[in-house]
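Single-structure report; data block below.
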Amino acid sequence: MAEILYAGVIGDPVSHSKSPLLKNYWLRENRVNGIYVPIDGRGRPLEEILRDPFLAQFRGFNVTIPYKEQAFCLADQLSDRARDCGSVNTLTREPDGSLTGDSTDGYGFLESLAAAAPGWDAGGKVASILGAGGAARSVIAALIAQGASQIRLSNRTRARAEQLRESFSAPITIADWQPGFRFYEDADLVVNTTSLGMENQPPFDLELPNLPATCLATDLIYAPLETPFLKRAKQKGAQTVDGLGMLLHQARPGFERWFDAVPKVTEALRACVLGSSGFIP
């Protein structure tokens with residue numbers, strides 16, 4: 001009988017995660033003899049969870065709130081993009097038993113843009129980013145790695161934006177909240193990384209003055225799929241990209257490593273995920 005391959009997602013809580021839905025869809029589609037399960041942290045530190053003898057057979061883990069920073073510290077080795085982001089959302093167990101930490105959010109972000117706008121890349125482009133949290137860090141790191149020429153950043157708390165700027169060697173321009181037209185002028189890409197406009201969160205109440213009709217506008221939120229930010233950008237003539245693609249594409253690298261199969265992001269997969277409610281880490 002063929003070996004069963006195991007992987008899972010660790011979170012606290014984890015019951016609302018749709019990662020098992022996504023990964024098991026791919027397991028069936030690729031006819032892999034594998035199982036992907038949710039692992040509830042139940043208030044325990046990640047180090048204690050990973051000591052469970054049962055988990056020693058797992059090829060890897062997705063790591064979600066509140067364990068991403070702990071995973072960064074516990075990993076035996078880190079990918080360059082994990083170092084850039086200061087957090088880990090994907091752990092892979094190597095043949096010698098060590099754990100490699102990776103951050104795939106930035107990868108998923110760029111792949112989502114490329115899928116929506118074939119041929120698009122950040123090389124030489126100007127990007128305006130709303131928000132300065134962990135998601136913004138991943139987006140900025142990915143854009144810099146792909147050669148963006150200018151990053152503009154605006155956050156409700158300016159000090160947090162300035163702190164984020166300090167962690168990158170590339171030039172980043174900080175703008176006040178409710179940024180004026182110069183923040184958007186000539187931007188090739190505008191990204192909302194905040195929770196504004198998400199279901200059960202405060203509304204997105206920013207104006208988008210001088211937003212170019214030639215730019216790409218994307219929101220990392222996927223509930224609702226068309227956010228208030230995307231609606232406003234579409235009214236300005238911009239091409240919009242919803243947040244679901246990023247969440248699906250960021251799951252691909254880990255799945256490929258753990259299950260030796262190359263998963264695809266398809267309309268059927270999107271329909272499957274949209275048919276369920278919840279969070280995908």
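The values are calculated or read from the model by the stated rules, or taken from the named source; none is laboratory data. All values derive from a computational prediction rather than experimental measurement. Backbone-built Cβ (ideal geometry, glycine too); neighbour counts: all protein chains shown. For the accessible areas, the whole protein counts, side chains as well, though only heavy atoms, and no ligand, DNA or RNA atoms are used. Shrake-Rupley method; radii C 1.70, N 1.55, O 1.52, S 1.80 Å.
Taking the stated definitions as given, is Ser87 out of contact with any helix residue (DSSP H, G or I) (no Cβ under 7 Å at 6 or more places or on another chain) and closer than 23 Å to Met246 by Cβ? So Ser87 does not fit the description; no. All of Glu226, Glu207, Glu185 fail the test of being farther than 20 Å from Arg160 by Cα and under 20 Å from the mean Cα position of the chain (by Cα), apart from Glu226.
Filtering region 86-106 for residues that are without any contact (Cβ under 8 Å) to a residue 40 or more places away in the chain, under 30 Å from Leu189 (Cα atoms), surrounded by 21 or more Cβ atoms within 10 Å (Cβ to Cβ) and of a type in the set (A, V, I, L, M) leaves a non-empty set.
Which one is nearest to Ala115 (Cα to Cα), of the residues in region 231-257 that are more than 18 Å from the chain's Cα centre (by Cα) and buried (at least 20 other Cβ atoms within 10 Å of the Cβ)? Selected residue: Ala238. Of the set (1) open to solvent by 30 Å² or more (accessible area, probe 1.4 Å); (2) over 29 Å from Arg83 (Cα atoms), all apply to Asp188 but (2).
Screening region 206-281 for helices (runs of 4 or more DSSP H) wholly inside it with 3 or more residues that are more than 25 Å from Val190 (Cα to Cα) and in contact with a Cys (Cβ under 7 Å, 6 or more places away or on another chain) returns no ranges.
In the condition set (1) crowded, with 22+ Cβ neighbours inside 10 Å; (2) over 23 Å from Ser15 (Cβ atoms), Asp121 is compliant with all but (1). I'd like the residue in region 128-167 that is among the basic types (Lys, Arg) and open to solvent by 70 Å² or more (accessible area, probe 1.4 Å) and, out of all such residues, is farthest from Ser112 (Cα to Cα). Here the residue is Arg158. Right, Ile35: more than 20 Å from Gly101 (Cα to Cα), modelled with pLDDT of 95 or more and in a strand (DSSP E or B) or not? The answer is yes for Ile35. Of the residues screened, Ile174 is one that is open to solvent by less than 50 Å² (accessible area, probe 1.4 Å), of a type in the set (A, V, I, L, M) and without any contact (Cβ under 8 Å) to a residue 24 or more places away in the chain. Annotation note: of Ser112, Ser19, Ser79, Ser15, the sole residue that is of a type outside the set (A, V, I, L, M), open to solvent by 20 Å² or more (accessible area, probe 1.4 Å) and under 28 Å from Gly275 (Cβ atoms) is Ser15. Taken across region 192-202, residues that are outside any loop (DSSP other than H, G, I, E, B), touching a Gly at 6+ places or on another chain (Cβ under 9 Å) and crowded, with 20+ Cβ neighbours inside 10 Å do occur, with at least one present.
The lone criterion from (1) free of Cβ contacts under 8 Å to residues at least 12 places away in the same chain; (2) more than 19 Å from the chain's Cα centre (by Cα); (3) part of a helix (DSSP H, G or I) left unmet by Asn24 is number (1).
Do we have any residue at all in region 49-59 that's in contact with an Asp or Glu (Cβ under 7 Å, 6 or more places away or on another chain), open to solvent by 50 Å² or more (accessible area, probe 1.4 Å) and over 19 Å from Gly254 (Cα atoms)? No: region 49-59 contains no residue that is in contact with an Asp or Glu (Cβ under 7 Å, 6 or more places away or on another chain), open to solvent by 50 Å² or more (accessible area, probe 1.4 Å) and over 19 Å from Gly254 (Cα atoms).
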